[in-house]
Structure formats: structure tokens, C-alpha cells
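Everything below concerns the one structure shown next.
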Amino acid sequence: MKIYIYTLALATLGFTGCKKWMDVKPEDKFLEEQLYSSRQGFETSINGFYLGNNDVNLYGSTLTMTTMDILAQLYSASFDSKNPNYPMQSYKYSDDLAKGLIDRIWTKMYVNIAGVNNFLAAVDKYGSVMDSSARSMYRGEALGLRAFYYLDLVRMFTPAYTQDSTVQLLPYYTKVGNDISPFYPTNQVMQFILDDLTKAEQLLLAADPAAKQARVSALSTARERTTRNYRMNYYAVKALKARAYMWMGNKPAALAAAKAVMADQSKFPWTNTDDLKSPEYSNKIFATEMIMGTEYIRLLDIFNNNFISTLDGTVLLAPESTGAFINQTVFEGISADYRYQYNWKIVAKAYPTFVKYQDTNNSGYASNRTVPLIRMSEMYLIAAECEPDLATAKSYLNEIRIKRNFGALSDNATSVELTTAILKEYRREFIGEGQLFYFYKRTKATSIIAGNTNKALTMSSANYTFPIPLSETTPR
């Protein structure tokens, strides 16, 4: 990636921009030494990554609730060619609007990676100001973040792993400098990712308070994000390893990694009905189950710009107007499902619209300004897909279905029916979190049900893979 960012700029400017071939000036060197003269400086610096994750071109919108779910055909994006959502829903990646969005995703991700690499170098250079436990925790967090960013780059910019794992499309950096990385084969990048996760897991097992806490996630009534599930914690690293192995098609390894997280599920307890029914707050994101998430103070603005039901139909992100896609296809007529009851409302429109990220009371509760990035339910779905024993696999799936008030899969269900049920759970469970498109891509789905028509849409492999931006390839 031809972007070179100085760590201090990332920490102090909040990822607001970048320059190619940025030089480190003497005054920057002085500021770096000042920043990293105490542990607080390291805390300030790494917080920059968590703030940067909220960029609208990253997890504050594009990679969670808007673009990735538009690609999964969950909404009826406007067919106005001037609307930036239209080319993405149509998989017209050569369109200028689409190319601009894809370039911004690529650039922001590599800016984050450059910052992580500089942070790791700073831990090595200045880490003696901290005790060994703090150094291990910060290093583990940073390695986990680097793996997180690279894994999403792989999922967006390379073909499905089991289709082609040798294609050379991604540059890979572990330090910032003037050297331009070659394009690495996807299988090599995945090995780098797994190496980072293994190192991070070892470091965080010893240093992360989450590994020893009886509970990691906060109560739904929490107003401040004081818990480790808003950071790259020990369990997030383990869950990412399950996600990575799943992407590679290594089901035994994915199952083992998922079960290791599920073994400590009590640290991320299932959301209860009291949380959902409270008039003061409603835990619509199932925050108590969140292994890692990001808090975004402008989340309500994103909701109001995209999902609020008073928006004109040419702007509103919602499925087709009969309600059949949500009512019948997604929730199969089970209106008692908690995800339907609390995440979809008929207000101002004659059909359900998405309210998961609406803080109706401006309550100030942390969960009402949070976007989940990894949740415990994904581990159960991975386990259900990978478990060779059919009865056990169904029990993993049923754990989610029962907790969501949907009802258990029949004891007589076949393996084919289980596979279909897993797909349907991904479609119900992760709306607004951006994971469904990756599921379709990983499983090489040749058709999906489109939210704008409630009919099957034929998919090609080209639909699933973003082109590498020209800013990367021309010139190198």
C-alpha cells in the first residue's frame, strides 16, 4: 500500500487523513518521544484505532449496516444512478461512485494497518516505561487489530478462499517505510493473520483482564463503555481465529476455536427479555452477548440518514414495500422472534423498517450507540456448521433459535435442512452488522433472495469480489 502514516498523526488527528510518502520530521520525533513517555501515551495512541473504526467508510456504516448489507440484498437501494448505493446493490464496481467508495475502504483499512504497525514499533522502542503485563496487553491488542483489518480485506478483495487461495492481490505490511509490498497469495496472507492471532492470544491470555473476569460484557443499563468487549480482547482474538478458519474452509480448526469461546459463554450472557422490554432502554443489539464492538457517538445520525421511516423511499434503506421479505422470507411468519419484535417496526410506512440503531429516548446508554463487530451467536453458528455429529450440530443452532424466541429446529431435521436453517439464521441474526454478504461469498451461493423483490437473484463470483483500486495498482 503506497500510504505512509506516522503513528503520532494517527493518535492526535483521529485518522482524519493521510499523505503519501510522509516524512518523519525532527519535531515529529520529539512529539513521539513525549507521547510515549508514559503508559497513558500508549493508551491515547491505541484509542485512536478504536475511534478510527467508527469512520463512516469503515465500521461506523459502510462495513456494517449500509454497504455490506446492501450487497447482501437486504434493502431496496434507490435505482437512481446518482445514489451511491445503487451501483453497489447492482454490483457495478466499475461505476465511478462504486470505485470511489471501494478506494476509500481500501485506503482507510491500510491507514489503520500502518498505524498499528507504528504502534507495535513504539511498544518495542518505548515500552520500558510500562510493566511487562501492560506491554503484553497493548501488543496483543495491536496484533489482533491488524489481523482483524487484514481478514476483512481478504473477505472483500479476494475470491472465496475455497475457490482460489493462491491469487496474489493483497500487499502485506508489518512496518511503515518507503518500501512497497509485493502482492501476496491469499493463503500466505491468511497464514500471517493466523500467526498474529496466535501471538495475540498468548499475550492476552496472560495480560488481558478479560481472561480472568467472571463477566466481560457490560450490563444493559451501563452508560459508559468500561468493559473489555469494546477492545480487541482475549476472547475477540479467539473468535477471530474461528472466523478466519471458517473463511479458509478448515472446519475442524474453526469448530475447535468456536467451542473454546463458547466454553466461556457465561462471560457474555444471552440477552434476557427484561433487557428487551424495558421502556427506558432496549438492548436491541444484544449487547450482553457482544464479544467485541465499537461505540459511535454519531450512530443516531447514521440511523436518521439511512433507516428512519420518515425518509423518502428513494433514500430509505428498507426491503420491498409489501413486507413479505421481512415477514415471510426472513422471519418465516414468526413475529414472536425477538429480533423481529424489537429491530423492526411499522411506523410512518405500511411495512416494517429497521430500528436496531435507533435510540428513541436519547437515553445515553452505551448499548444504544454501539455497533457489534463479533457476537457469541456467530460462534454457535460456526459450531453448528462444522460439527460432524448432526444431533450436536442442531443443538448449537437451537441454542440461538430458542434464545431468540424463534423455536427449535425439529429433532427429525436432516443435514440439508440444518444447512438451510443456518443460512436463515445468518440472515436474521446479523442484519445491520455486515456479516451476511461474507456468508454468501464463503459458501459460494449462486442465488440469494433479494430484499427489493423478494425473489431469487442469480449471483456470480464476480459479484462477490471488489476490484483492487487503481490508486494501489497505478503506478506501483
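Laboratory data are not the source of any read-out in this text; all were calculated from the coordinates shown. Quick caveat, the model's predicted, so the values are computed rather than measured. No Cβ is skipped: glycine too gets one built from the backbone with ideal geometry, and neighbour counts run over all protein chains shown.
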Divide the volume of the convex hull of the Cα atoms of the chain by its number of residues and quote the answer in cubic angstrom per residue. 137
Residue by residue, what Karplus-based ³J(HN,Hα) values in Hz, rounded to whole numbers, does the stretch 333-344 have, using 6.51, -1.76 and 1.60 with θ = phi - 60° and x for Gly and Pro? x, 8, 6, 6, 4, 4, 5, 6, 4, 10, 9, 9
Amide H within-cut-off set for Thr294, under 5 Å, with H built and near neighbours excluded: Val371, Leu373
Take the alpha-carbon centre of the stretch 162-214, take the same for the stretch 219-239, and report the distance between them in whole Å. 22
Taking Cα atoms, how many degrees apart are the long axis of helix 390-403 and the longest axis of the chain, rounded to 10 and kept between 0 and 90? 90
Can you pull out the trypsin sites (Lys or Arg not before Pro) in the stretch 131-188 that DSSP calls coil and that have at most 11 other Cβ atoms within 10 Å? Lys175
Can you compute the radius of gyration and Dmax for the stretch 267-348, using only the Cα atoms, both in Å? 14.5, 43
Taking the Cβ-Cβ separation of Ser37 and Thr310 as r and a Förster radius of 60 Å, what is the calculated FRET efficiency to the nearest 0.05? 0.75
Assuming R0 = 25 Å, what is the FRET efficiency of Thr458 and Ser94, from their Cβ-Cβ distance, to the nearest 0.05? 0.85
Gap separating the Cα centres of the stretch 88-161 and the stretch 283-331, nearest whole Å: 26
Longest principal axis of the chain (C-alpha) makes with the long axis of helix 26-35 (C-alpha) an angle, in degrees to the nearest 10, of 60
What is the helix-to-structure angle for 415-429, meaning the angle in degrees between its Cα long axis and the longest Cα principal axis of the chain, kept from 0 to 90 and rounded to the nearest 10? 70
Roughly how many nanometres apart are two label points built 7 Å out from the Cα toward the Cβ at Thr166 and Asn272? 5.5
